[in-house]
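Asker: Below is a structure I'd like to ask you about.
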Amino acid sequence: MEIEFENVTLVSSNVNARKKVINDLSVLIRNNQITGIIGPSGSGKTAFLELINALVFPTKGQIKVGNTIIGKGKKIEDLEKFRKNIGLVYQNPEMQFFNSTVRKEIEFALVNFNFMVSEKDKRVLDALKMVGLNESYLERNPLCLSKGEQKKVSLAITLAYNPKVILLDEPTLGLDDEGKRELIKLLRMMKLRYNKTIVIVSNDTDFIHQIVDYIYVFDKGEIAYHGDKYTIFSDSEIITQFDIRPPKIIEFVNKVKQIKGVKLGYRDDIDDLAKDVYRNVK
């Protein structure tokens, strides 16, 4: 599902400090692509996700999400159907939990979107398995889980109702290295096998580098730069200007070039990089 922002401005609702959270933003998120959003704190990244999900409406301009138009004063005809297609996984999942068990949290989403009772059990279990959790979690209180487990439950809630668009806000917070590897594998499958459009807001540049197809750098509610991940992360001017930590794999490639004079290709995977090192560095 394609997403297009057309001259979108969002002014904060705080009457004592009204400011433009998003400023005259025009951007295209392509169908079946994983898009990364990076930039300084307060640059409008989370607001961008909330606009896509129609949790907030633009002050000016409009957003096309598939065939749906989101704009000031425009009513979405079937908001329930629209939200069913747009899954948002929050940065702090514990703030959205209000049921006593993991089972009830996932079932609530399914009931909310009018899934048949006969489908619920299978969807709940399938969603848990997809995020690497087993049925022993069903009767556990989500608020008593670790941060990483809460992240996985939050993602399972979204996957259970099978949206066409998946929005992730800092998805790796609380995840260990194994959890990150599992998430990367899952998101690649969502894109390649199920043709999902995925948008990720994250300051975890190692994760972003491994998973995304395209990057937008946000600053003060605007797009400062955009391009493929290799162009963005290898540009020292962008890295310095926005205090972005380069992915470790790119830091290594740059150091090999500086010290050994050997130019390695940019790689997503450390194993592929190791093969390049073996072939080129003596």
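The values are calculated or read from the model by the stated rules, or taken from the named source; none is laboratory data. All of these numbers come straight from a predicted model, not from anything done at the bench. Don't worry about glycine lacking a Cβ; one is built from the backbone with ideal geometry, like all the others, and counts go over all protein chains shown. With ligands, DNA and RNA removed, areas are computed over all heavy atoms of the protein, side chains included. Shrake-Rupley method; radii C 1.70, N 1.55, O 1.52, S 1.80 Å.
Asker: Label the stretch 185-255 by shape, choosing from rounded, prolate and oblate, from the square roots a ≥ b ≥ c of the eigenvalues of the Cα gyration tensor; if a/c is under 1.5 it is rounded, and otherwise prolate applies when a/b is larger than b/c, oblate when it is not.
Answerer: The shape class here is oblate.
Asker: Another question, then. Can you check what the net charge comes to around Pro246, using other residues whose Cβ is under 10 Å from the Cβ of Pro246 (Lys, Arg +1; Asp, Glu -1)?
Answerer: Details: positive: Arg245, Lys248; negative: Asp206, Asp235, Glu251.
Value of the local net charge: -1.
Asker: Hey, another quick one. Rounded if a/c is under 1.5, else prolate if a/b is larger than b/c, else oblate: which is the chain, with a ≥ b ≥ c the root eigenvalues of its Cα gyration tensor? Kindly include the intermediate steps, with their values, before the conclusion.
Answerer: Working: a/c = 2.01, a/b = 1.24, b/c = 1.62.
It is oblate, given that a/c is not under 1.5 and a/b is not larger than b/c.
Asker: Computing the accessible area with a 1.4 Å probe over protein heavy atoms, can you report the carbon and sulfur percentage for the stretch 207-249?
Answerer: With neighbouring chains kept in place, the figure for the stretch 207-249 is 46 percent.
Asker: Further, regarding this structure: For Asp121 and Glu6, calculate 0.36 nm times their separation in residues minus their Cα-Cα distance, and state this gained length in nm to one decimal.
Answerer: 37.3 nm
Asker: Here's something else I'd like to know. To the nearest 20 debye, what is the magnitude of the charge dipole of the stretch 1-89 about its Cα centre, counting +1 on the Cβ of each Lys and Arg and -1 on the Cβ of each Asp and Glu?
Answerer: Approximately 240 debye in magnitude.
Asker: Could you size up the charge dipole of the chain around its Cα centre, putting +1 on the beta carbon of Lys and Arg and -1 on that of Asp and Glu, and report it in debye to the nearest 20?
Answerer: 280 debye
Asker: For every other residue with a beta carbon closer than 14 angstrom to the beta carbon of Asn85, add +1 if it is Lys or Arg and -1 if Asp or Glu, then tell me the sum. Write down the numbers at each step before the final one.
Answerer: Numbers: positive: Lys64, Lys81, Arg83, Lys84, Lys164, Lys196; negative: Glu2, Glu77, Asp78, Glu80.
Taking every Cβ under 14 Å from that of Asn85, the sum is +2.
Asker: Kirkwood hydrodynamic radius, computed over distinct alpha-carbon pairs, for the stretch 102-167: how many Å, to one decimal? Before the final figure, lay out the partial values.
Answerer: Details: mean 1/r = 0.0852 Å⁻¹.
Its Kirkwood hydrodynamic radius stands at 11.7 Å.
Asker: What residue among Asn67, Asn92, Phe207 has its Cα farthest toward the positive end of the dipole of the chain, where the charges are +1 on Lys, Arg and -1 on Asp, Glu, each on the Cβ?
Answerer: Checking the options against the dipole of the chain, the answer is Asn67.
Asker: Here's a follow-up. Placing +1 on the Cβ of each Lys and Arg and -1 on the Cβ of each Asp and Glu in the stretch 32-107, which of Asn32, Ala47, Phe57 has its Cα farthest towards the positive end of the resulting dipole?
Answerer: Phe57
Asker: Can you give me the C-alpha center-to-center distance between the stretch 125-177 and the stretch 191-268, rounded to a whole angstrom?
Answerer: 26 Å
Asker: What does a probe at Val111 reach in the stretch 67-92, counting residues whose amide N is under 19 Å from the point 7 Å along Cα→Cβ?
Answerer: Those under the cut-off are 80-81, 84.
Asker: Tell me the per residue accessible area of the chain using a 1.4 Å probe; a whole number in Å² is fine.
Answerer: Values: 14650 Å² over 282 residues.
Here the residues of the chain average 52 Å² of exposed surface.
Asker: For the stretch 120-189, give the magnitude of the charge dipole about the Cα centre (Cβ charges: +1 Lys/Arg, -1 Asp/Glu; no others), in debye to the nearest 20.
Answerer: 280 debye
Asker: Under a Cβ-Cβ cut-off of 11 Å, what is the net charge of the residues other than Tyr137 that fall near it, where Lys and Arg count +1 and Asp and Glu count -1?
Answerer: Local charge sum for Tyr137: 0.
Asker: Which percent of the accessible heavy-atom area of the stretch 75-154 goes to carbon and sulfur, probe 1.4 angstrom?
Answerer: 52 percent
Asker: While we're looking at this one, here's another question. Would you calculate, for the chain, the mean residue ellipticity at 222 nm contributed by helices, counting each DSSP H stretch of 4 or more residues as -39,500 (n - 2.57) and dividing by all residues, to the nearest 500?
Answerer: -11500 deg cm²/dmol
Asker: In whole Hz, what ³J(HN,Hα) sequence does the stretch 4-9 give by Karplus (6.51, -1.76, 1.60; θ = phi - 60°), x for Gly and Pro?
Answerer: 10, 9, 10, 6, 8, 10
Asker: While we're on this one: Report, ordered by chain and residue number, the lysines lying within cross-link reach of Lys74, taken as a straight Cα distance under 20 Å and ignoring same-chain residues fewer than 8 apart.
Answerer: Correct list for Lys74: Lys60, Lys64, Lys84.
Asker: For the stretch 106-222, calculate the relative contact order in percent as a whole number, restricting contacts to Cα pairs under 8 Å that are 6 or more residues apart. Mind showing how you got there, number by number?
Answerer: Numbers: 104 pairs, mean separation 28.9, N = 117.
Value for the stretch 106-222: 25 percent.
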